[in-house]
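The next block holds one structure in the form of structure tokens; read it before the comments.
The values are calculated or read from the model by the stated rules, or taken from the named source; none is laboratory data. Just so it is clear, the model here is predicted, and its values are computed rather than measured. Cβ placement follows ideal geometry from the backbone for every residue including glycine, while neighbour counts extend to all protein chains displayed.
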Amino acid sequence: MPVSQGWIHRQRRGKVGRASEERSSPRPPEVILLLGRIGELWITYVKGQVLLSVITGGITWAAGSAIGLPWSLWLGLLAGVLNTIPSIGPLIAVIPAAIIAFWQGSTLLSVDNWLFGVIVIGVYIGIQQITMLVIEPHVIGKRLDLPPIVVLVAVIVGAAVGSVAGAYLAVPLIATVREIARFTRNKVQGLPPFPEG
């Protein structure tokens, strides 16, 4: 009986000790938490770009199929991949589509090859504009909690200032600055640095 009581006592003392250690274990420094949140922002941005590429590729494939563009599935896949390169990627995607259109013509439309080539170029330009002005601001803005207009302006200004790299990095940089500004403001005001956490 004493052995049994001693074993129970040790078990209770062990549980109390572990609970005490859990309560007293220090949380990671706030700066480390901030860096983690910033890292999550960038990962979220990359995931958003992948989703945007899938959407762009799907629209390109559907539009190409609707007008009888040969190889529309492969051209859609190419457009999706090249969409990951801001500014110049979508422009590069037009080239093979236009070549195929001028060379083979349409499988559905009864128009000359040269006219079909012009139609294809116009369709691709329209898809690019819709993607840049409508889809991207909403997809990326929703994921990073940024207004669509902010995303649009950031991409345009980034492309003007820093070309391809500027267009690609502008949005996550703005989200990063916002996160740091919130953290600093809350610390200065004596508020929790991450109220929602």
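The table below lists the values:
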{"read-out": "The listed residue being at pLDDT 95 or above and among the hydrophobic types (A, V, I, L, M, F, W, C), out of Ile149, Ile95", "value": "Ile95"}
{"read-out": "Matching option when the condition is surrounded by fewer than 16 Cβ atoms within 10 Å (Cβ to Cβ) and either out of contact with any Pro (no Cβ under 8 Å at 6 or more places or on another chain) or in a helix (DSSP H, G or I) (or both), among Val120, Val157, Val171", "value": "Val157"}
{"read-out": "So Lys142, is it part of a helix (DSSP H, G or I), without any contact (Cβ under 8 Å) to a residue 24 or more places away in the chain, out of contact with any strand residue (DSSP E or B) (no Cβ under 8 Å at 6 or more places or on another chain) and basic (Lys, Arg)", "value": "yes"}
{"read-out": "Enumeration of residues in the stretch 133-145 that are over 12 Å from the mean Cα position of the chain (by Cα) and surrounded by 16 or more Cβ atoms within 10 Å (Cβ to Cβ)", "value": "none"}
{"read-out": "Only one of Ser110, Ser87 that is at negative phi, modelled with pLDDT under 95 and not acidic (Asp, Glu)", "value": "Ser110"}
{"read-out": "Qualifying residue in the stretch 60-75 (condition: more than 30 Å from Val139 (Cα to Cα), among the aliphatic types (A, V, I, L, M), crowded, with 19+ Cβ neighbours inside 10 Å and over 23 Å from the mean Cα position of the chain (by Cα))", "value": "no"}
{"read-out": "One residue from Ser163, Ser106 being in contact (Cβ under 8 Å) with a residue 12 or more places away in the chain, more than 16 Å from the chain's Cα centre (by Cα) and within 30 Å of Leu34 (Cα to Cα)", "value": "Ser163"}
{"read-out": "Test: Val111 is outside any helix (DSSP H, G or I) and either in contact (Cβ under 8 Å) with a residue 60 or more places away in the chain or surrounded by fewer than 18 Cβ atoms within 10 Å (Cβ to Cβ) (or both)", "value": "yes"}
